[in-house]
Amino acid sequence: MSKYRVYELAKEFNTSSKVILDILARNNVTAKNHMSNVGEEAKSVINRTFAHKIEASEPIAPKVGPADQAKGQGNEERTAPRDIRPKPQGDNRPQHSGGSYQNRPNQQQGSNYQHRPNQQQGFNQQNRPNQQNRPNQQNRLNQPQQGANPQNRPNQGAGQQNRPNQQQNRPTQQGRPNQLQQQRPGFNNRNQQAGQNNPANFSHNRPANAAPNTQQARPNNTRPPFQRNDQQRPANTGGNSQFRGPQNAGQAKPNSNFAKKPQYGSNRNHRSNQQNRSQAGPNQHRQAPPKMEPPKPKVIKLGGPVTVKEFASKMGREVSEVIKKLMMLGVMATINQEVDMDTAVILAGEFGVTVQELPPEEDPTEIAEIIDDPADLVPRSPVVTVMGHVDHGKTSLLDAIRKTHVTTQEAGGITQHIGAYQVVNQGRKIVFLDTPGHEAFTAMRARGAQVTDIAILVVAADDGVMPQTIEAINHAKSAKVPIIVAVNKMDREGANPDRVKQQLSDHGLVPEDWGGDTIMVPVSAHKKTGITELLEMIGLIAEMQELKANPNRSAQGTIVEAQLDKGRGPVATVLIQNGTLQIGDSIIAGTAYGKVRAMVNDRGEKVKKAGPSTPVEVLGLADVPAAGDVLLAVDEKTARAVAEKRIAKKRTEEMAHSQKVSLDDLFKQIQEGNIKDLNIVVKADVQGSIEALRQALLNLNNNKEVRVNIVHAGVGAINESDVMLSSAANALIIGFNVRPDANARKLAETEKIDIRTYRVIYEAINDVEAAMTGMLAPEFKEAAQGRVEIRQVFSFSKGIVAGSYVLEGKITNSSKIRIIRGGIVVHEGELESLRRFKDDVKEVAAGYECGITIDKFRDIKEGDIIEAYTMEEVKRTHS
Ligand SMILES: Nc1nc2c(ncn2[C@@H]2O[C@H](COP(=O)(O)OP(=O)(O)OP(=O)(O)O)[C@@H](O)[C@H]2O)c(=O)[nH]1
């Protein structure tokens with residue numbers, strides 16, 4: 001009969017001698033210690049015992065999920081029906097997260113350890129808070145160290161096989177860490193553990209994930225360590241995050257490793273679902289009914305360019321999808337940006353949709369443009385505008401040109417001023433517009449008209465580039481009109497053309513002889529030198545522009561000037577740009593219409609017809625048109641009908657709010673897609689401030705919806721010209737330390753131009769940025785009270801008194817004031833005293849004198865203007 005030592009049996013059954021001794025004692029087999037000898041009988045007892053255990057454990061194993069563990073813990077709630085359907089709000093979230101907590105660590109660990117052994121470190125680090133919080137985990141902490149010793153692994157694995165039992169009796173939180181433990185050796189010792197522990201674990205895990213068991217964890221989930229653990233999980237899983245995506249990405253894209261162990265995948269997918277559910281928030285209804293998608297058409301109809309937003313809605317797609325597709329086509333577009341028909345067709349094709357082109361809708365207030373056959377076009381004369389700073393010699397230059405290049409007889413024939421005239425140079429005609437340059441650009445451009453082909457910029461050689469010179473450059477650039485510089489007053493002693501060239505280069509006009517492309521001609525209007533060269537250059541540029549028109553068609557021109565003449569009725573100076581206007585033609589210009597009764601050319605001669613590039617005075621309109629209106633010769637019926645429609649449209653437009661850009665409703669206008677460029681005119685007291693403002697404003701351009709565009713920036717008070725440019729370019733004006741002059745203020749009111757003045761650059765930028773994002777808070781807006789002129793300054797030992805006269809409105813002793821000197825704000829503050837004769841008074845009205853002392857300010861000068869105002873809170877119109 002064979003004899004066995006107890007320790008040998010322990011080894012054979014892969015257990016400890018103590019276990020063997022216990023079994024033997026229970027079966028009344030005597031064995032004192034591990035060295036004791038036992039017989040066959042004892043071995044068969046042990047055999048039976050272990051066989052029974054294995055049998056017993058096998059059927060149990062799949063059932064032993066946390067739910068069953070919960071039973072063991074006497075927690076009835078945890079045995080709730082295994083229903084994975086969403087529970088009412090409040091109950092579910094913790095359950096799911098609880099389930100996740102219980103099971104996820106294993107899965108993560110499993111996957112991490114199997115596929116990313118190096119992540120062990122990360123895991124430990126990430127779970128440290130738990131370890132600190134839970135004493136039991138001290139054991140766990142030791143495990144990896146033991147696990148590091150390969151010899152210990154099987155023992156650990158064996159030892160841990162028993163742990164599920166312990167776990168069942170432990171609080172869930174404790175059980176979970178042990179699950180972590182269980183798996184760890186298993187992962188290290190794959191052959192053995194994968195077959196034993198892992199299936200057990202997965203069978204534990206799966207039901208838990210499946211839902212009902214997730215309830216188990218409910219009370220535990222509130223524990224901070226678990227929450228932390230959960231939060232840390234994303235970091236822990238790292239590369240495995242792909243398996244957490246919606247719709248069980250783990251299944252959709254099986255990793256080869258995962259594919260070998262489908263349990264992991266399925267388990268993870270459960271987790272993924274759980275997680276998704278818990279991420280979706282307590283309101284689980286979101287998941288229930290699938291979202292109804294708008295129908296996706298196969299064909300869409302387009303009548304012309306559409307915005308990305310409109311396109312997306314026609315396509316039944318998300319705007320983001322459309323933008324993405326556009327990006328793939330190499331087009332960067334925002335939601336309000338327009339895509340032209342060609343792009344729209346290609347874009348739709350990308351979605352498998354066909355575009356049906358509709359004829360563009362006809363506007364009853366528009367008259368169809370005549371498209372000329374290129375064969376009918378013949379060269380026409382260039383139309384030139386002279387611009388420049390005050391006193392630089394514009395009028396003198398025009399006079400010089402007229403005198404030198406209009407024959408004496410013709411010159412003598414100029415009897416009346418019609419706002420434009422023609423000169424002849426080397427047999428070629430040039431038309432000069434006699435209106436102030438900026439008006440030719442602004443007033444006309446505001447109506448979409450462009451009459452000028454070339455701009456002559458007059459700069460006095462002794463004075464150099466001045467504020468209005470820069471204004472003129474910006475006007476011309478904004479209208480995309482080529483500039484020829486006439487460096488005038490070359491006869492003057494202080495003439496320094498190189499300095500002028502240098503200054504102009506700084507503003508983007510680099511002279512040809514310096515490698516640039518701006519023609520600069522030195523001239524003297526007085527000495528009449530350089531005039532011919534200047535005209536030659538005009539001819540050259542005109543040639544390059546290939547200016548052409550068709551004289552054999554009905555006329556089209558632009559109103560340059562118009563007024564009501566007492567004797568002759570409405571008189572309009574028209575620059576004919578195409579076709580030929582004849583006496584008797586029915587015409588329409590803006591809202592005015594009529595029949596050409598008479599025409600007078602620039603030499604005061606009556607003419608019967610006027611061809612392209614001819615300025616001519618036209619009589620016969622029933623009303624006075626506006627400068628910039630387009631004149632068309634059409635049949636009488638059309639002229640009347642269209643004019644009536646235009647009048648009606650104008651009335652509705654006037655009644656509706658002006659669409660002029662303003663910071664107050666900028667965001668609304670952006671949202672409505674009315675504004676894509678935020679045009680700004682910047683005026684400041686010094687050049688340095690302009691640069692700082694310009695830069696800071698342009699830095700706002702990361703805003704996707706709207707682009708900041710500085711159309712003009714200059715030093716000095718805000719003047720009429722700034723307002724006109726703003727009106728033409730739909731810009732708002734930002735003044736830094738400067739104020740609008742009286743005329744500019746009035747014009748801004750009629751043109752509805754938003755003028756914002758600031759004393760701190762940061763505030764200006766803040767306001768624009770806030771307006772762009774719809775965050776412009778209700779603010780205090782100033783309400784003007786009056787304007788006071790300082791006429792005399794009296795110095796007393798106690799202070800300085802300004803003997804003043806109230807020009808308009810009133811000033812009160814509580815008024816806020818601003819002192820303006822030459823359009824520049826020199827001080828902002830409050831009054832110290834307001835007196836009439838020797839009495840302190842509360843207010844002084846227009847037309848009265850008063851004595852004013854200003855709080856903490858002594859530097860007052862005769863001629864200074866005091867602006868009096870109060871601050872009133874203004875509610876913004878947009879939400
Ligand atoms: N020495 C000299 N003086 C000139 C020349 N051209 C103009 N001036 C003088 O400069 C002054 C201003 O000339 P204008 O022709 O009135 O200048 P402007 O630019 O039309 O002025 P505004 O219409 O007020 O904007 C006048 O006194 C002219 O006589 C020139 O070529 N040489």
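The values are calculated or read from the model by the stated rules, or taken from the named source; none is laboratory data. Note that the coordinates shown come from a computational prediction; the quantities given were computed from them, not determined experimentally. Neighbour counts run over all protein chains shown; Cβ positions are idealised from the backbone, glycine included.
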(request) Identify, from the list Ala783, Ala729, Ala771, Ala742, the residue that is surrounded by 20 or more Cβ atoms within 10 Å (Cβ to Cβ) and either more than 22 Å from the chain's Cα centre (by Cα) or under 25 Å from Ala476 (Cβ atoms) (or both). (result) Ala729
(message) Looking at the structure I just gave you, is Ala440 buried (at least 19 other Cβ atoms within 10 Å of the Cβ), in contact with a Ser or Thr (Cβ under 6 Å, 6 or more places away or on another chain) and at pLDDT below 75?
(response) yes
(request) Return the total of residues in the stretch 460-486 being among the hydrophobic types (A, V, I, L, M, F, W, C) and within 10 Å of the ligand (Cβ to nearest atom). (result) 3
(request) Taking the residues in the stretch 469-509 that are assigned to a helix (DSSP H, G or I) and closer than 14 Å to Ile456 by Cβ as candidates, determine which candidate is nearest to the chain's Cα centre (by Cα). (result) His475
(request) Considering each of Ser797, Ser815, Ser833 in turn, give the residue that is in the same structural domain as Tyr869 (by the TED database) and at pLDDT below 90. (result) Ser797
(message) Show me the strands (runs of 3 or more DSSP E) found entirely inside the stretch 539-638 where at least 1 residues are modelled with pLDDT of 90 or more and either in the same structural domain as Pro482 (by the TED database) or over 30 Å from Ile484 (Cα atoms) (or both).
(response) 569-578, 586-589, 592-601, 614-621, 630-633
(request) Look through the stretch 23-33, keep the residues that are in a helix (DSSP H, G or I) and loosely packed, with under 14 Cβ neighbours inside 10 Å, and return whichever of them is modelled with the lowest pLDDT. (result) Arg26
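Residue by residue, here is whether (1) outside the structural domain of Ala589 (by the TED database); (2) closer than 30 Å to Pro522 by Cα; (3) loosely packed, with under 11 Cβ neighbours inside 10 Å; (4) within 16 Å of the ligand (Cβ to nearest atom) holds:
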{"position": "Val353", "(1), (2), (3), (4)": "yes, no, no, no"}
{"position": "Ile367", "(1), (2), (3), (4)": "yes, no, no, no"}
{"position": "Asp372", "(1), (2), (3), (4)": "yes, no, no, no"}
{"position": "Pro382", "(1), (2), (3), (4)": "yes, yes, no, no"}
{"position": "His389", "(1), (2), (3), (4)": "yes, yes, no, yes"}
(request) Considering every residue within the stretch 400-417, establish whether at least one is at pLDDT 85 or above, surrounded by 14 or more Cβ atoms within 10 Å (Cβ to Cβ) and within 13 Å of the ligand (Cβ to nearest atom). (result) yes
(message) Against the condition in a loop (DSSP other than H, G, I, E, B), more than 10 Å from the ligand (Cβ to nearest atom) and either under 29 Å from Ala627 (Cβ atoms) or touching a Cys at 6+ places or on another chain (Cβ under 8 Å) (or both), how does Thr452 come out, does it pass?
(response) yes
(request) Among the residues of the stretch 496-529, count how many are near the ligand (Cβ under 9 Å from one of its atoms) and not polar (S, T, N, Q). (result) 5
(request) Return yes or no: is Val607 within 30 Å of Val424 (Cα to Cα) and crowded, with 23+ Cβ neighbours inside 10 Å? (result) no
(request) Being touching an Asp or Glu at 6+ places or on another chain (Cβ under 9 Å) and more than 30 Å from Leu663 (Cα to Cα) is the filter here, so list the residues in the stretch 779-806 that pass it. (result) Glu789, Ile790, Arg791, Gln792, Val793, Gly799, Ile800, Ala802, Gly803, Ser804, Tyr805, Val806
(request) Among the residues of the stretch 320-342, count how many are of a type in the set (Lys, Arg) and farther than 22 Å from Gln356 by Cα. (result) 1
(request) Looking at (1) more than 40 Å from the chain's Cα centre (by Cα); (2) within 12 Å of the ligand (Cβ to nearest atom), find the lone condition where Glu533 falls short. (result) (2)
(request) Have a look at Ala472, Ala525, Ala479 and point out the one that is modelled with pLDDT under 95 and closer than 30 Å to Ile367 by Cα. (result) Ala479
(request) Please tell me if Glu782 is assigned to a strand (DSSP E or B) and touching a Leu at 6+ places or on another chain (Cβ under 6 Å). (result) no
(message) Quick check on the stretch 790-804: of everything there that is surrounded by fewer than 17 Cβ atoms within 10 Å (Cβ to Cβ) and not hydrophobic (A, V, I, L, M, F, W, C), which residue is nearest to Arg739 (Cα to Cα)?
(response) Arg791
(message) Against the conditions (1) within 16 Å of the ligand (Cβ to nearest atom); (2) at positive phi, where does Glu546 fall short? Just the number, please.
(response) (1)
(message) Restricting to the stretch 812-842, name every residue that is over 16 Å from Glu789 (Cα atoms) and among the aliphatic types (A, V, I, L, M).
(response) Val841
